[in-house]
Each structure stands twice: as structure tokens, then as C-alpha cells.
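Undergrad: Sharing a structure here in C-alpha cells format.
The values are calculated or read from the model by the stated rules, or taken from the named source; none is laboratory data. Worth saying up front: this structure is predicted, and the values here are computed from it rather than measured. Note that each Cβ is placed from the backbone with ideal geometry, even for glycine, and that neighbours are counted across all protein chains shown. All accessible areas refer to the heavy atoms of the entire protein, side chains included, with ligands and DNA or RNA removed. Shrake-Rupley method; radii C 1.70, N 1.55, O 1.52, S 1.80 Å.
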Amino acid sequence: MIVYQATKKKFLHDCDHDQIEDLVEAAYVQKAGRYASRGEFRSWRNSLTAMARVLRDAEIPDDIGVGVEFGIPQTSKRIDVILSGKGADDTAHAVIVELKQWSGSRISEKDGVIIANRGGKAEIEGPHPSYQAWSYAALLTNFNEAVYESGTGLKPCAYLHNYRDDGIIRHRHYAPYLEKAPVFLDGAGELDKLRAFIKQHVRKGDRGELLYEIAEGRIRPSKMLADSLAKMLKGNREFVLVDDQKVVYETCLAKADQASDERKQVVIVRGGPGTGKSVVAVNLLVELTRRGQLTKYVSKNAAPRAVYAQKLAGHLRRVEIGNLFAGSGGFHNTEPNTFHTLVVDEAHRLNEKSGLYGNLGENQIMELIRSARCTVFFADDDQVVTMADIGRIAELERWARQMGAEVTHMELASQFRCAGSDGYIAWLDNFLGIRETANTDFDRDAFDFRIVDSPTELHDLIREKNQINNKARVVAGYCWDWKSKKDPNAWDIEIPEHDYRAQWNLDKDGSLWIVAPDSLEEVGCIHTCQGLELDYVGVIIGPDLRWVDGKPTVFPESRSRMDRTIRGWKKQMKQDPDATRERVDRIVRNTYKTLMSRGMKGCYVYIMDK
């Protein structure tokens, strides 16, 4: 999506004869389906006026393309300005301009991170403008086939039009990123330098043709974390960390370096589905291991660890894989501070006790903190999906304080799944009754979402999508007994009115259901997909969630009697009905939110409640 697109001549005309910010806002409402914030509106007014001043140069062709607020595919990120044209040899070229209204900043010791007043907020750490511009260019190349296949020359830069050079923004600490994306400021000669940069790379106009090709270009196949793991462990940069991901990553590295036996560090990273928790976690595992720290990736859910191990088979020995990944239940006998850093993914799934019978250890949160000098927890209270899950943010902090650790809170907010649609995730909260939001709809063009009339149609859609790259599966709420576990010929999920029959994921596939070659015909559950992702997910919402007078209402008695996630709820209802009802309600709603946010490109839903 490009919010506003014109030639240079038309852009300057709109700046001279109209309020450019009004035109951009009107286009934004039309294309995004919602109003921009007042901060964004003011930013358009100030920064686009400054950009117009840059382009008032006779040597910059009138017919270069000017794109404002270009949405990077598969993410919630937007590039401020793209200028398109051709180089001297007639090859396609584009200049990416990251616009900032800053007037000052302070150096951070972290790589690629700087402290500044962002959007009227107090001074906070964030990516240096050069890093940000470079990372956006890398994302665009990774996700857009028109850019990737044509070899389009993308030249990023940043323009801080209110900032006078103070020796900080261009400090040598940021040299690696300044080389990738130069910074231009306010002051003598700066305007001419920026104009020269543009003219160097965009010599001829293209009437905005490249912008159109980029906007209409196919999205490249999504890069899955599991598929990239082996290359990452060999030192390849497979994922460019952007914005809040970069800040969280660098902060975790800094805290891991500071940690000692006497000065324990705990970092709690809050992040919803698709915000890149696992990408950051695995990047931390790789970098900390490279630095010589004894580090493990820890998760309660076995599915991600099993998939990662399968992908690494043939690249690492089994013992090496075992040294990198661990379940959360094996630390009750670990000596204090055995590890430098433990990176705990999906920490909301941690349990109190360990062992097959829940009779080992005292508390997994405490045991993990005790076992390492630094513990990094990635958690999301909205993905607590069983009565046994204890890893809520407040509980993680309580144990960290009790263990005498210094606590740092971070947040991942940017969306990198569900086609980058923040609106879809907010809509899910509203739709499922998790919390009331203003999102009664979302951008349907950005994410392929459909509610279908039958489970047969749902499964047919997933079969069709799975032919592309084996990354589409059907999942469901646990509302049917797993009969096929004892009788391989039995059907588990039966919906007679649609002549639909299916089995739960086969026991032989175990935690590898999501990548098993023959699992397309089976239906997965929360335990085989949480922490992992697909291109397309089909979700059957069972009778445990129905709409009563238009409101989503939970019916826990409709869950399978074999379902362990809410085991014991009837007994607990007698002891504390209000608290139990609240917990069970949240578990059922969270389960469907988690299932419906597994897809990077699309989600199809069949709802049993007519």
C-alpha cells in the first residue's frame, strides 16, 4: 500500500495549492480504513513540507515518482517517502527517505540504538535513523518480488530537517549504519548534500512506474524462522531486526553482559502473536553462544523445539542440538548460576511443577531464574491457554524481585504476522470478547480472512493453499475426543450436517505435526501449533465458543472430556466460581486467538454456532 503517490511536479503542486497533509490523510482513511493520529498528521505537515523544499531543484527531474507512507508487505511498518526513477544506465532506482523532526539526541552504548524524544514522548531508546532507514530497505527487498527480482537499487537515507549537527547523530559509534544510510540535517550545505544524494541515484524520471510496480508487486514467499535456523547458527543474518525488535535485542545483550552471580538480571519482554518474540529469542541464542556464553533456548511447549531440532538435523550433531534447546521442566536440580543466560520463549506457558506427574521441583519460574545469571522471558498474557499456565507478566516479575534480580520490562508491538495487520489482532480481541476495542473491522485487502459456511469448504481451501509450499494446516478447539489414539480407524471430529470427518494429529507425528508431510488431512490443536507459524491457517471454532445475543460466550462443558487444558474446572467452580469462570473464559478465548493468529498470509474460519 502507498498512501499517496504522484510525480515530483504533482507533489510540489499539491504542497503549493493544497494542504499536503489533508490530501495524505484523506488517502490514508480511504486505504487504511481508519483515521491517522494527530501526531501522524502533524508529522506529515512538517516533514512533507521540508521534503518539498528538498525537491525544489531544477536538476531533479519533474517526473520522478514520489510515494508517501509506503506499507512494507507482511509488516506493520511504513516508509515515509520513496523517490523512484532511473539511474544513468536506465536501471530502476529508488531512494528511501526516513523523515524525523528531532532536534537533539544522546548516544546509547548499544549497537544501532540512540536516545531521543520520539513523537512528543519522553526520551527513549530506539533505532538510529540510519539503522531504521537501512532496515526498512532490507525488509522491502526481502518481501517484494518487484524489488528483489529486478535488482532495483534501493538507497536509504534519513533527513532530520530540524536537527543541527551536534556530533552525536553522526558519532563514529554509528559509523557502520551511517555508511549504509547517510543522515542529512538542518544547516548550511545539508540541503545541497541531500539533493546531490538524490540526483546521484535517481538521474531520470519514470513517472512513478517503479512505485506502481512495487505497490502491485507480488509478495515474496515468507521466510519462516524454523527454515532459517541452520543458516542463523552458521552466522548468516537471516532476519533484519527492526525498531522495537532491535531495541529489545540489544537491551537483552547488554543485560546478559552485565549479569553476574551477585547481580542477577531478568528481562521480561511482553509481545503479542506475530511480534517476533521467537525471532528475537533465537537471534539472542545465536549471538550469546557466539560470544561464548553458556546459553539455552527454553520453552514449555515441545512443538517449537521438535520442529527446530528436525530442521537442524544434518547440520548439527544431536548432542549439540540438545545443548541449545531445552524444556522448562529440567531445571529443578540445576545448581544456581549454572548458565550465563536462559532465553525463555512462550514463558506464559510455564508450569508450577515439573515432571510427568507434576511432582518435581517447586516452581519453574523460580528455578529458571535461579539457574542463570540472566533470564530473558518472552511472554503474552493473552496466550495463556491452560489452567496450569502460570507465566503471567505479574508472576514473572514477582519471582524476579523475590530472587533479588534487577528487572527490566520491554515490549514488542510491531506486527510481522497476519500480513502485518495490527488492526486484525485488535479486531480478534474484539471479536472473541477478550477486550473491547474500536476495531469492528480491519483492512481486508491486507490479510486474507474469510468465514466459510462449512468445515468441508474450509479444509478444501487449506488443501489448495498447501499446494504452494506445504505451509497450510487446519486446527480446532479441543471439543472432540481423541478416539483415534486408541483406534487408528476411528474418526475424531465429526460434523454430520456437513458430512465432515477428520482425525486429530496422529500420535506418530507428535510435536512435528505442523511440518509432517502427511498431516494436511489431520486437524491440529493448540499444543501442536503454539509458538509456530504457517502461511495459511484454517480454524474450526467448536461449540465451546458461541454467540449469545451477539456476544461471544464460553461454554467449557462443550470441551472434550480428554482436554487437559481446563481439567478440574468443575471442582474449582464449587470452591471459587467467579475466579474459575474468569480463568476458563480467558483460556478458551486465548486459545482461539492463538489459533487464529498462526497465519502469516491468511486465516479461514468455520464457526459451528450458526
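Undergrad: Take every Cα pair under 8 Å in the stretch 16-94 that's 6+ residues apart, average their separations, divide by the length, and report that relative contact order as a whole percent.
TA: 18
Undergrad: From the protein chains alone at 1.4 Å, what is the descending order of accessible area for Asp609, Asp380, Asp89, Asp549, largest first?
TA: Asp549, Asp89, Asp609, Asp380
Undergrad: Leaving ligands, DNA and RNA out of it, report the carbon-plus-sulfur percent of the accessible area of the chain at a 1.4 Å probe.
TA: C and S atoms contribute 47 percent here.
Undergrad: If each of Val240 and Glu262 carries a label point 7 Å out from its Cα toward its Cβ, how far apart are those two points in nm?
TA: Using points 7 Å along Cα→Cβ, the separation is 4.4 nm.
Undergrad: Okay, moving on. For Ile107, tell me the accessible area in Å² from a 1.4 Å probe, rounded to the nearest 10.
TA: 70
Undergrad: On to the next question. Using alpha carbons only, how many angstrom separate the centre of the stretch 360-390 from the centre of the stretch 419-464?
TA: If you average the Cα positions of each part, the centres end up 30 Å apart.
Undergrad: Once ligands and nucleic acids are excluded and a 1.4 Å probe is used, how much of Thr275 is accessible, expressed in Å² to the nearest 10?
TA: The value for Thr275 is about 10 Å².
Undergrad: State the extension gain, in nm to one decimal, for the chain segment bounded by Arg567 and Arg318, taking 0.36 nm per residue of separation less the distance between their alpha-carbons.
TA: Gain in length upon complete extension: 86.1 nm.
Undergrad: Under a point-charge model restricted to the Cβ atoms of Lys and Arg (+1) and Asp and Glu (-1), what is the dipole moment magnitude of the chain relative to its Cα centre, in debye to the nearest 20?
TA: Computed about the Cα centre, the dipole is about 1300 debye.
Undergrad: For Trp547, Trp482, give the ranking by accessible area with the largest first, probe 1.4 Å.
TA: Trp547, Trp482
Undergrad: Which loop-located chymotrypsin sites (Phe, Trp or Tyr not before Pro) does the stretch 315-365 contain, where loop means any DSSP state but H, G, I, E or B and the Cβ has at most 14 other Cβ atoms within 10 Å?
TA: Within the stretch 315-365, the qualifying chymotrypsin sites (Phe, Trp or Tyr not before Pro) (loop, at most 14 other Cβ atoms within 10 Å) are Tyr357.
Undergrad: Lys and Arg at +1, Asp and Glu at -1: add these up for the other residues within a Cβ distance under 12 Å of Arg559 and post the number.
TA: Local charge sum for Arg559: 0.
Undergrad: Which length gain, in nm to one decimal place, applies between Asp481 and Lys231 when the Cα-Cα distance is subtracted from 0.36 nm times their residue separation?
TA: Extra length available between Asp481 and Lys231 comes to 86.0 nm.
Undergrad: Tell me, what ³J(HN,Hα) does each residue in the stretch 521-527 have, in order and in whole Hz, if you take phi through Karplus 6.51 cos²θ - 1.76 cosθ + 1.60 with θ = phi - 60° and put x for Gly and Pro?
TA: Whole-Hz 3J(HN,Hα) from phi for the stretch 521-527: 7, 8, 10, x, 10, 4, 6.
Undergrad: On the full set of protein chains, 1.4 Å probe, figure out the accessible area of Ser328 and give it in Å² to the nearest 10.
TA: Its heavy atoms expose roughly 0 Å² to the probe.
Undergrad: Can you tell me the accessible area per residue over the chain, all protein chains present, probe 1.4 angstrom, in square angstrom?
TA: Ligands and nucleic acids excluded, the result is 42 Å² per residue.
Undergrad: Rounded, prolate or oblate: which one fits the stretch 466-540, using the alpha carbon gyration tensor with axes a ≥ b ≥ c (rounded when a/c is under 1.5, else prolate when a/b beats b/c, else oblate)?
TA: Prolate is the answer for the stretch 466-540, as a/c is 1.5 or above and a/b outweighs b/c.
Undergrad: Let me ask another. Subtracting the Cα-Cα distance from 0.36 nm times the residue separation, let me have the gained length for Ala579 to Asn470 in nm, one decimal.
TA: 35.1 nm
Undergrad: Assign one of three labels to the stretch 21-98, namely rounded, prolate or oblate, based on the Cα gyration tensor with a ≥ b ≥ c the square roots of its eigenvalues; rounded applies when a/c is under 1.5, prolate when it is not and a/b is larger than b/c, and oblate otherwise.
TA: Because a/c hits 1.5 or more and a/b fails to exceed b/c, the stretch 21-98 counts as oblate.
Undergrad: Compute the distance from the alpha-carbon center of the stretch 37-84 to that of the stretch 241-288, in whole Å.
TA: 33
Undergrad: With contacts defined as alpha carbon pairs under 8 Å and 6 or more residues apart, what's the relative contact order of the chain in percent?
TA: Relative contact order of the chain: 12 percent.
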